[in-house]
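The structure under discussion appears below in the form of structure tokens.
The values are calculated or read from the model by the stated rules, or taken from the named source; none is laboratory data. All figures in this text were calculated on a predicted structure; none of them were measured in a lab. Cβ sites come from the backbone with ideal geometry, for glycine too, and all protein chains shown count toward neighbours. Protein only, heavy atoms only, side chains kept; ligands, DNA and RNA dropped before computing areas. Shrake-Rupley method; radii C 1.70, N 1.55, O 1.52, S 1.80 Å.
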Amino acid sequence: MIDASAKRSFDEHGYLVARGLFDAEEATFLRRHFMRLREAGSYPGDVVGVEPDSDDPLKCYPRMIHMHRWDRVARDWLLEPRLAHSLSFLLEGLEPFAVQTMLYFKPPGARGQAVHQDQYYLRVEPGTCIAAWMALDPCDVENGCLEVVPGSHEWPILCTIAADTGASFTDVTVPLPEDVEIVPVVMEPGDVLIFNGSLVHGSKPNRSDRFRRALIGHYIEGDARQVARWYHPVLRMDGSDVKLEAGSGGGPCGEWVDHDGRPAIELTGVAVDPRTTE
Ligand SMILES: O=C(O)CCC(=O)C(=O)O
């Protein structure tokens with residue numbers, strides 16, 4: 001249940017955890033459903049194929065993208081009334097539009113995803129995107145739970161630099177000043193982390209012998225006129241299509257500079273269109 005004080009915390013920090021928004025049985029059902037699909041073959045949106053004998057755990061269980069375009073269970077979850085109500089409340093009555101689903105399997109030994117901002121990819125105009133990240137397993141530091149930089153939703157989109165691909169399956173990240181606090185978000189199955197599209201977040205490798213599965217929905221503010229091409233078609237929460245402009249990704253981005261001995265961001269960079277998803 002998201003109340004006024006949770007909304008204040010969301011506005012201040014850029015994220016909140018809706019504990020128990022879904023129950024453990026629903027999480028179990030979704031976990032089994034997507035494991036069955038993943039183990040049965042390949043799907044549109046797979047960046048790499050399933051390679052059961054690979055040494056890279058992420059090639060045995062690559063993430064799934066945009067499943068809601070061909071899987072009823074994923075579509076029903078993306079448009080779920082509990083998510084619609086929670087997001088509308090946080091957006092002050094503005095119903096969001098739904099644009100993406102993803103399933104991260106993150107098996108034991110899998111790399112994480114270097115810290116980034118989702119809005120770098122979605123380029124929603126005006127406004128921003130918002131993510132609903134639902135734990136399907138207990139998520140903790142050992143198995144590479146999501147980590148966030150509280151308050152970073154107030155930052156502009158940062159220019160990216162190369163990531164350490166030994167620890168991250170994506171190859172870009174955002175630079176962070178040394179004293180920035182990165183907070184692990186420990187969650188139980190059915191909990192949903194809701195976060196602002198500019199919030200810096202990512203995850204470390206899974207160093208446990210457990211999976212860390214998560215089902216993710218990406219949404220945009222309901223008064224947006226544009227979102228990057230990759231995220232079309234755009235859906236209202238009743239499932240009907242809404243026509244928005246298809247922007248390119250890319251655009252201005254911020255770089256850290258020293259202002260009287262303190263880090264500050266100046267919009268001096270230009271990001272290229274990533275033509276893919278976060
Ligand atoms: O689940 C993860 O490890 C990363 C997910 C993420 O960063 C995202 O959905 O944007």
Query raised in the report: Mind checking which residues of segment 181-221 are open to solvent by 20 Å² or more (accessible area, probe 1.4 Å), of a type outside the set (D, E), more than 10 Å from the ligand (Cβ to nearest atom) and in contact with a strand residue (DSSP E or B) (Cβ under 9 Å, 6 or more places away or on another chain)?
Result: I182, V183, P184, V186, P189, N196
Report summary line: The one condition D171 fails out of (1) open to solvent by less than 50 Å² (accessible area, probe 1.4 Å); (2) over 17 Å from Y15 (Cβ atoms); (3) within 15 Å of the ligand (Cβ to nearest atom); (4) modelled with pLDDT under 95 is (1)
Query - Matching residues, segment 97-113, being of a type outside the set (D, E, K, R), within 14 Å of the ligand (Cβ to nearest atom) and open to solvent by less than 20 Å² (accessible area, probe 1.4 Å) - result: V99, Q100, T101, M102, L103, F105, P107, A110, G112, Q113
Report summary line: Taking segment 71-87 and keeping residues of a type outside the set (D, E), open to solvent by 20 Å² or more (accessible area, probe 1.4 Å) and within 20 Å of the chain's Cα centre (by Cα) leaves V73, R75, L79, P81, R82, H85
Query - Close pairs (6 angstrom Cβ cut-off, 6 or more residues apart or separate chains): open to solvent by 50 Å² or more (accessible area, probe 1.4 Å) in segment 237-248, basic (K, R) anywhere - result: E245/R225
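So which of L94, L37, L122 ends up being surrounded by fewer than 21 Cβ atoms within 10 Å (Cβ to Cβ), out of contact with any Pro (no Cβ under 7 Å at 6 or more places or on another chain) and at pLDDT below 95?
On the way: L37 fails: at pLDDT below 95; L122 fails: surrounded by fewer than 21 Cβ atoms within 10 Å (Cβ to Cβ).
Answer to the check: L94.
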Report summary line: By residue number, the members of segment 128-148 that are open to solvent by less than 10 Å² (accessible area, probe 1.4 Å) and more than 23 Å from L83 (Cα to Cα) are N143, G144
Query - Residues being open to solvent by 40 Å² or more (accessible area, probe 1.4 Å), touching a helix residue (DSSP H, G or I) at 6+ places or on another chain (Cβ under 8 Å) and closer than 26 Å to E80 by Cα - total across segment 40-64 - result: 3
Report task. Could you tell me whether any residue of segment 226-233 is without any contact (Cβ under 8 Å) to a residue 60 or more places away in the chain and within 12 Å of the ligand (Cβ to nearest atom)? Result -> no
